[in-house]
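Asks: Structure below; questions to follow.
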Amino acid sequence: MNKLVLAFFLVSIFNGAFAQDLTRQSREQIGGFQNQDTLSSEQRKSTNKKNLKTPKAKIQDYLIISHENDTTFVDTTLSIQKEYKFNYLRRDNFGLMPFSNLGQTYNSLTHDFQDTSLMPSFGARARHFNYMEIEDINYYRVPTPLTELFFKTAFEQGQLADSFFTVNTSPQFNFSIAYKGLRSLGKYQHILTSTGNFRFTANYRTKNNRYSVRGHMVTQDLLNQENGGLKDDPSVANFETGLEEFLDRSILEVNFENAESILRGKRFHLEHTYKIIKKKDSLSNNKLSLGHVISFEDKYYQYDQLAANALFGDAFKNSVKDRATLENFYNQVQLNYSNNIIGDLQFNITNNNYNYGYDKLVLLNGNTITNRLKGDIFSAGGKYHKQYRGFDLQGELGINVSGDFDGNFLKAKATFKFNDDISAIASVNHSSKAPNYNTLLYQSDYIGYNWQNNFNNTKTEQLAFQLKSKKIANISADYSTISDYVYFKKDETSNQVQAFQNNNTINYLRVKLDKEIKVGKFALNNTILYQNVKDKDSTLNVPEFTIRNTLYFSSHLFKKAMFLQTGITLNYFTKYYMNAYNPLLAEFYVQTEREYGDFPRLDFFINAKIRQTRIYLKAEHFNSSLTGYNFYSAPNNPYRDFTVRFGVVWNFFL
């Protein structure tokens, strides 16, 4: 709570300070890169000493620059896509099944095997849905200070808030500061969540545009109380009966009430470029620049339990404290060359210095399990981009040339735009990389959760195609083959979850359709995903169909002072062997004992936009008491009952 109040307080201070500190000269300079005004005159009143109006900013000048340098602008409209993104992750979570409490994990209903990483991932993947990676951080360029405040109610005690502020102190320099905080008690016993994501970004370029630099600092702590889910007997049966006495979910027994897990990390990232040969005009044929990327990340996952529980087997000692750490230092040097005929080329050399592991050795059954995986990986790679006769061609490759981990990837994509409405994208992806660190090495105070594996690289090949059209539909299809797939399941001897490798090839097909049909002020937005898996070992399980349909009404009211959207959303997926959740590992694992799914989730929403403020009101899962108590996010972990939640997003343009 203190963090949330502090975040709002800091944003307010920054807002007021920079609003007063921007001089007439800086306003004129910053106003130089816009021509029109789409903000209200009341928001933009300002005059110079000669009583001449300062050029008014338009919304398209508030730029958002992604990690890949794709540039968009601030969008204050109210749309059905905004409704889909108004959640804890602040992105469309189609294909994810949230747990009962806000800030817990998500069960994945679909998987994308497109990968361009050459290094293993940390592990504890169930805790990483809200962990902001380098690719999740945006940079900004704005003509005037911009603030965004996000708020949404949580479950029982607490709330979710995200405060953001950015300003250009000059046309060359921008910084932003943001904090997202959550605290939610939840409806079931011992599932409190408390998370925080602090972000600071800055970007600068010289007046001659020869040198540019940008970077960010991120600190994150994601804490969850763990209860192991409902007890098989009698809590699961009591939940599914739907009897009124058990609608108070806090009386249902859980497996334990003495554990919590936390994922904590900090990252410092910097990338800068110097143009050796700068493009002077449209007739210039050559550009040459030197780039450098440096990044340091330190993170750990910790599981604490006051007393060992038989659910995880025998333990070395009475209380449990498991902690896995990773330090990764990344350096990349880039040489970029552009030519009107050849296109854009990049050659790069990368070093990864990694240190993953634990602070002790484990001697188990006469075998010593080491405590560290550490070393240096050197890799080489390149990128290519060219526009040729209506085609936009892109390619990227990389390979580890020295070190303990082998790895390589190749990605190629071609885009063709038939007209203003229809475009097609075809891509091919190949990847070979080492499995996650926690599958290779794991230590725990629980005896059955100690291993050191020598797995083969997981190899994937994917062919993908997309057709984008507002008039027809957005259709995407991809076909993947996965070899040496690494997964978690219960060991038949110990009955505890461990890492295994599937030595057979998995064939995985996905076809997705997005289409919105509009009739007057009414619209029906449809998303349908079909999946088919050929896997004789049943290690990759997904529902055959996942569906989301939204029927909604949109209209201006009160002489266009307010824009209103209201409707009903249906979410549904077919029955399948849904993965179970292991809180000790913070991983999902394969189970083939019971199928879950085949239950509808209906949400009713009323959203409104007044000036730059969007207001959201939703009755979530209002059919929970009508369609049967068989709704689960994972085995023994029920989804949410009917609840009403409120939220708001508020933008300030000074």
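Asks: All but one of (1) touching a Lys or Arg at 6+ places or on another chain (Cβ under 9 Å); (2) surrounded by fewer than 19 Cβ atoms within 10 Å (Cβ to Cβ); (3) under 29 Å from residue 196 (Cβ atoms) hold for residue 114; state the number of the condition that does not hold.
Replies: Condition (3) is where residue 114 drops out.
Asks: Here is a list of conditions, (1) surrounded by fewer than 17 Cβ atoms within 10 Å (Cβ to Cβ); (2) under 20 Å from residue 408 (Cβ atoms); (3) polar (S, T, N, Q), and residue 348 meets all of them except one; can you say which number that is?
Replies: (1)
Asks: Give me the pairs, please: first residue somewhere in region 203-221 and farther than 30 Å from residue 263 by Cβ, second residue anywhere and basic (Lys, Arg) and outside any strand (DSSP E or B), beta-carbon distance under 8 Å, and either six or more positions apart or on two chains.
Replies: 208/278; 209/278; 210/278
Asks: For region 508-525, which positions are loosely packed, with under 14 Cβ neighbours inside 10 Å and either among the acidic types (Asp, Glu) or touching a residue at least 24 places away in the same chain (Cβ under 8 Å) (or both)?
Replies: 509, 521, 522
Asks: Is there any pair linking a residue in region 590-619 that is touching a residue at least 24 places away in the same chain (Cβ under 8 Å) and surrounded by 17 or more Cβ atoms within 10 Å (Cβ to Cβ) to one that is of a type in the set (Ser, Thr, Tyr) and not in a strand (DSSP E or B), with Cβ under 6 Å and at least six apart or on different chains, and which?
Replies: From residues that are touching a residue at least 24 places away in the same chain (Cβ under 8 Å) and surrounded by 17 or more Cβ atoms within 10 Å (Cβ to Cβ), the pairs are 590/539; 597/574; 612/76.
Asks: Looking at region 248-266 only, could you name the residues that are of a type in the set (Ser, Thr, Tyr) and in a strand (DSSP E or B)?
Replies: If the condition is that a residue be of a type in the set (Ser, Thr, Tyr) and in a strand (DSSP E or B), then 261 is the only one that fits.
Asks: Kindly list the number of the only condition in (1) surrounded by fewer than 16 Cβ atoms within 10 Å (Cβ to Cβ); (2) assigned to a strand (DSSP E or B) that fails for residue 273.
Replies: Every condition holds for residue 273 apart from (1).
Asks: OK, next. Which residue out of 604, 646, 622, 642 is closer than 30 Å to residue 149 by Cβ and under 24 Å from the mean Cα position of the chain (by Cα)?
Replies: 646
Asks: Evaluate region 282-295: report whether one residue or more is of a type outside the set (Gly, Ala, Ser), modelled with pLDDT of 95 or more and buried (at least 17 other Cβ atoms within 10 Å of the Cβ).
Replies: Yes; the residues of region 282-295 include at least one that is of a type outside the set (Gly, Ala, Ser), modelled with pLDDT of 95 or more and buried (at least 17 other Cβ atoms within 10 Å of the Cβ).
Asks: Next up: Give the residue that is surrounded by the most Cβ atoms within 10 Å (Cβ to Cβ), with candidates limited to residues of region 381-434 that are outside any strand (DSSP E or B) and either in contact with an Asp or Glu (Cβ under 8 Å, 6 or more places away or on another chain) or of a type in the set (Ser, Thr, Tyr) (or both).
Replies: By that ranking, first place goes to 434.
Asks: Hey, does region 455-478 have a residue that's part of a loop (DSSP other than H, G, I, E, B) and under 26 Å from residue 584 (Cβ atoms)?
Replies: yes
Asks: Same structure, new question: Only one of 497, 486, 519, 511 is among the aliphatic types (A, V, I, L, M), at pLDDT 95 or above and touching a helix residue (DSSP H, G or I) at 6+ places or on another chain (Cβ under 7 Å). Can you tell me which?
Replies: Step by step, each of 497, 486, 519, 511 is checked, and only 486 is among the aliphatic types (A, V, I, L, M), at pLDDT 95 or above and touching a helix residue (DSSP H, G or I) at 6+ places or on another chain (Cβ under 7 Å).
Asks: State all residues of region 86-141 that are farther than 17 Å from residue 262 by Cα, β-branched (Val, Ile, Thr) and either in a loop (DSSP other than H, G, I, E, B) or in contact with a helix residue (DSSP H, G or I) (Cβ under 8 Å, 6 or more places away or on another chain) (or both); if no residue qualifies, say none.
Replies: 110, 116, 137
Asks: State yes or no: is residue 505 surrounded by 14 or more Cβ atoms within 10 Å (Cβ to Cβ), touching a Ser or Thr at 6+ places or on another chain (Cβ under 7 Å), free of Cβ contacts under 8 Å to residues at least 40 places away in the same chain and not basic (Lys, Arg)?
Replies: The answer is yes for residue 505.
Asks: Take the residues in region 540-578 that are part of a loop (DSSP other than H, G, I, E, B) and aliphatic (A, V, I, L, M); name whichever of them is farthest from residue 77 (Cα to Cα).
Replies: So the residue we want is 540.
The values are calculated or read from the model by the stated rules, or taken from the named source; none is laboratory data. This one's a predicted model, so the numbers in the text were calculated from it and none came from an experiment. Positions of Cβ are backbone-derived with ideal geometry, glycine not excepted, and every protein chain shown enters the neighbour counts.
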